[in-house]
Structure formats: C-alpha cells, structure tokens
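The values are calculated or read from the model by the stated rules, or taken from the named source; none is laboratory data. Please read all numbers here as calculations on a predicted model, not as lab measurements. Note that each Cβ is placed from the backbone with ideal geometry, even for glycine, and that neighbours are counted across all protein chains shown. The area values use the complete protein model at the heavy-atom level, side chains included, leaving out ligands, DNA and RNA. Shrake-Rupley method; radii C 1.70, N 1.55, O 1.52, S 1.80 Å.
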Amino acid sequence: MSKDSKAEQQAQIFSFHPTGEYYFAKGLKYFHRRDLHKAKKYMERAYELEAGEPMIACQLAIVCTELGEYEYSNELLQTILNGLDPFMTECHYFLANNYAHLGLFQEAYKHVNDYLDKEEDGEFSDDAEELIDLIAFEMDESGETLESLDQQDGLIFKQEKAREQLEIGNFSKAIETLSEIVEEYPEFWSAYNNLALAHFYLGKTDEAFEVLNSVLEKNPGNLYALCNLLVFHFYQKNMSKVAEITAMLEKICPIMNEQRFKLGATFAMTGQYELAYKWLKLLQKKGFDHDGTFYYWLADSAYHLGHTKTAKQAWKRVLSFSPEKEGMEPWKESKEVTGFEDHYPSIIKRLESELVEERLFGIFLTKHSIHQKRISNHEAYKHNEKFDRLEKEYSAYVSSSARKNSSSSIHFADGAADLLFTHYRPIQLTEAGVFLMWFSVFSEADKRNIPLKNLKALAASVDFIWHRLRNEPITQKDAADKYGVSTATLRKYIETVNDLLI
C-alpha cells in the first residue's frame, strides 16, 4: 500500500465532526476573552446542535444578557424552566436580572424571590439579596414600594389582556392596551408586532405598515416583524414585496423553536408550502409539541405537498386540542365558510370577558351558533358570575321561545344586532368590530337611562361610523339606503351614537 493511500485511510479514520460540546467550549473561550459577539455565534451553533441541553441554553442566555439582548435571553431561560430543566433554579436569578434591566421590577421581584425560596444558601443568594435592595431603591426613586409591586398590573398582565383582546377580535381595545405597553416599554418589540396586527385586522393598513417599519428601523432583522410584513403584503396582493421578503426569510435559520414555528406558519399562511413544511416537519422531528395551531399548519402544508399520512396524523392532533374543528380538514372538497358564531372556544372566551359588550356579543353569537345547546349548558353561560342585569336578561331572552313578542330594550338590542347580521355574516375578525361597537352603544345607553328608538337608523349609523373608523369609503346616503332610512334621520342618529361612544 502506498504512503498516499495510508494517509487517506488515516484521514478517514480521524476525520473531525464538530459537536455541540466543541462549539460550546469555543463559545466559553471567547466569553472569557469578552469577545461577546463571537461567544454568541459559537454558543448559538452549539445550541442548534444540542437544543435539549439546558447548560448550553443557559450560557447562551448569559451571553445575550451581556450583549443587552434581554428579551432573547429571557426566551432561552423560560425555555429551560418550561421544559429543558425546571429545576435549574439559577435561571430565576438570571431572569430577575434581565427584568430589572428592562425596568420590569414586578417580574424581577417575583423571580428573585422564586430563586431565594428555592436556594436560600445558593450560589447567587448574596447577589439576589443585593438585587432586592436595588429593586427597592429603584422603587423609592419612582415613589413606589416593594409592597405595591404585587398590586401593579404590570407588563405581563397587560400582555395577557392584549392577547385576549386580539383573540376575541376586540381590536380597538387591543390597540389601546398595546399602545400603553409600547409607550411604557419602548423596546418591547413583541408588543409592536401585536399592535401592527391589531391595526391590520381593523383595516388600518397604513398604521400597521408604519408600526412594522418602525420596528425594523429600530431593530433590524426582527423576525416577527418580517413575518408579519410578509403576511400583510400577501393579503394586500403586493406580490413583488411578497417575493422580496420571502427571499430574505429563506436565508434566515433561527435556532429558537418558537421562531422556527413562526417562520413555518408564516410560509403556510402565504401558500409557500414547501418552505413551511421544511420548518414544521423539522420541529416535529425534534419533538416540538405546541398547541393545535402548530399541527394545523403542519397538516395544511403536508396536505398541499401530497404528504397524506403526515397530514392526517397532524390533523388528529389538531382535533385533540380543538374537537370542534372536526369536518374542517384542509382536504375537504367543500368547506362551509363559518365565522365566530360557529367557533365554540371564541364564544366561551367572550362570555368570560371583563367587558360587558364582549359578554353581550357572546350571547348574540350563542343565539346564532350551531353549538347553541352545548354553550347554553356551559358554566360561562348558565352560572356566569360576571353577568350583570343586561347579560342575565339577554341570556334568558335567547333561551325564551316567546322572545318575538317581547317589547324590552333587550329585544330592541337583539333586533339591531340581527339587522347588522343580515349584512355581516359570517362574523369573522373584521366583522366582529361592528357588533362590538353596537353592544357598546347599547350598554352605554342603558347605563345612562337613554331610551333607544328607530332600530334601522341606529344600525345604519353604527355601520356608517364603523366604516369611517376603518378609513373605508362610505357616504351617508350609502348607509341610509342600505338600511332603508332617510339621510336626515341617519345624521340625527350618528350624533346619538357618537355621543354614546365617547
């Protein structure tokens, strides 16, 4: 055998295949040298190769904190506590540090106490005590106390409130909540992205694009902003922009599972099934187990690519999360277009809302729902402690066989909503707003003891104002003709509705 062939054999035997551990060691080396950008690069590669290793995720989070990337660090730390290693208690201390840097002292205080409760004499216990003193000092500076933190709504509460408002289609309220968040926390990018979504769903496309462009100007490469931008352009049929942004997103290889999911779902929404399937199938292989939305987009993209077995398996998981979706498979030849009135979870959410107009709307949806019997037996309908006089009267009215003969204000409110329903059905994301506006007007009139008259004129005026809020072209004559009233009468009732909306 020649020397060259021996060398080749040895080269094959000793060929080098870098592992997560190798990149982790390189990352640590650069971290100790304070070359943080290189440290992050190697740590991310290590995490990509060994995403289930909590120590790598934790060290990457520490590097991100040093770089000031507090939100990314928090995502990693929460991933550890939520699955990789719930007993890695030091993550609570690191989270507390990050939240303190972000000025979110309520969350910082919560996590630092979580750490001390679990590790009274732990490695970071002295630092944790100092952090509590720092939080106390910051609170004194702002005129608050540690004791008041537990009573504050805080960012997390507002986030949850905004999420619920988006889910149930109350986009005007979501915009209010999210605008408060971005004003208070100007670098909290996820709030901007949700604010853009709320504007877009409300039909305010200029505002939606403006918010996303602002995010990308201040935080270039923000994946969620780019994904939302792609979806917006897709629905606006700006296909040149769709192609441009898709080309950008194709080059991105995120390491966080949530970001991979966002990318896959975005491609599926925009009909780019091969790109969608690539990411969603990869996540499935890695054991990613999300809610039904993940399996929905996996089933959808798999079906469109001819992967029938995967599509059907994924759809079974969809039904395990949302049994009411049975019959709505992507491969059904003719799918009936339905709206919120036939979406059981959405109706229950509305019935449990803190807002009276949401609860009234939930009862109206129940009346028109294919799930009416099931909903009427639910605790949120039968024994809802949030129901006040109006909701109790309305739910009883819906259940009554003699409702057509009623002359109550509830009968009037329901009649106006039914009139709107003749023009806006099925009730989907956009249409929900006009009904929420009507029930808001009705509940405010009831509160002020203002009697409402002329059902058609009120429905027409709500419709007119709703279109104007969405910057959609409509004249008073259009709205008047639509509901069979005079423009003079309509003008009078527009004033009434505007007064009740203030």
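If only Cα atoms are counted, what is the Rg of segment 78-134, and what is its Dmax, in Å?
Rg and Dmax of segment 78-134, Cα atoms, are 10.5, 31 Å.
Taking the Cα centre of the chain as the origin, how large is its charge dipole in debye, to the nearest 20, when only Lys and Arg (+1) and Asp and Glu (-1) carry charge on their Cβ atoms?
That gives the chain a dipole magnitude of about 3200 debye.
With every protein chain in place, what's the accessible area of Glu217 (1.4 Å probe, Å², nearest 10)?
Glu217 exposes around 150 Å² with every protein chain in place.
At 0.36 nm per residue, minus the direct Cα-Cα distance, what do Tyr235 and Ser125 gain on full extension? Give it in nm, one decimal, please.
Extending this stretch completely gives an extra 34.4 nm.
I'd like the FRET efficiency for Asn471 and Glu244, computed as 1/(1 + (r/R0)^6) with the beta carbon distance as r and R0 of 30 Å, rounded to 0.05.
0.70
One-quarter of the Cα convex hull surface for segment 347-502, in nm²?
9.0
When ligands, DNA and RNA are left out and all protein chains stay put, how many square angstrom of accessible area per residue does the chain have with a 1.4 Å probe?
Ligands and nucleic acids excluded, the result is 52 Å² per residue.
Order Trp279, Trp297 by their accessible area, 1.4 angstrom probe, all chains in place, largest first.
Result of the area sort, largest leading: Trp297, Trp279.
Report the trypsin sites (Lys or Arg not before Pro) located in segment 405-502 that are in a DSSP loop and have at most 12 other Cβ atoms inside 10 Å of their Cβ, or state none.
Arg448, Lys453
By how many nm would the segment from Lys218 to Ser399 lengthen if fully extended, with 0.36 nm per residue of separation less the alpha-carbon distance?
So the extension gain works out to 59.8 nm.
Report the rotationally averaged projected area of segment 441-486 based on its alpha-carbon convex hull, in square nanometres.
For segment 441-486, the mean projected area of the Cα convex hull comes to 3.4 nm².
Report, to the nearest whole %, how much of the accessible area of the chain belongs to carbon and sulfur atoms, 1.4 Å probe, protein only.
That share works out to 49 percent.
Step through the residues of segment 480-494 one at a time and calculate ³J(HN,Hα) from phi using the Karplus curve (6.51 cos²θ - 1.76 cosθ + 1.60, θ = phi - 60°), rounding each to whole Hz and writing x for Gly and Pro.
In residue order, the calculated couplings are 5, 5, 4, 10, x, 10, 7, 5, 5, 5, 4, 4, 4, 7, 4 Hz.
7 Å from Cα along Cα→Cβ at both Asp478 and Lys251: what's the point-to-point distance in nm?
Here the answer is 4.2 nm between the modelled labels.
Summing -39500 (n - 2.57) over the DSSP H runs of n ≥ 4 in the chain and dividing by its residue number, what mean residue ellipticity at 222 nm do you reach, to the nearest 500 deg cm²/dmol?
-22000 deg cm²/dmol
Could you give the length gained by full extension between Phe87 and Lys453, i.e. 0.36 nm per residue of separation minus their alpha carbon distance, to one decimal place?
Answer, rounded to one decimal: 125.5 nm.
HN-Hα J couplings of segment 190-201 from phi, Karplus 6.51/-1.76/1.60, θ = phi - 60°, integer Hz, Gly and Pro as x?
After applying 6.51 cos²θ - 1.76 cosθ + 1.60, I find 4, 5, 4, 4, 5, 5, 4, 4, 4, 4, 5, 5 Hz.
What translational diffusion coefficient, to the nearest whole µm²/s, does segment 187-339 have by Stokes-Einstein, given a Kirkwood radius computed over alpha-carbon pairs, a temperature of 25 °C and 0.890 mPa s viscosity?
My calculation gives 150 µm²/s for D.
What spacing in nm lies between the two simple spin-label points modelled at Lys29 and Asn498, each 7 Å away from Cα in the Cβ direction?
7.1
Roughly how many nanometres apart are two label points built 7 Å out from the Cα toward the Cβ at Glu167 and Thr293?
Those two pseudo-labels are separated by 1.0 nm.
Given 25 °C and 0.890 mPa s, how large is the Stokes-Einstein diffusion coefficient of the chain in µm²/s, with Rh as the Kirkwood radius over Cα pairs?
93
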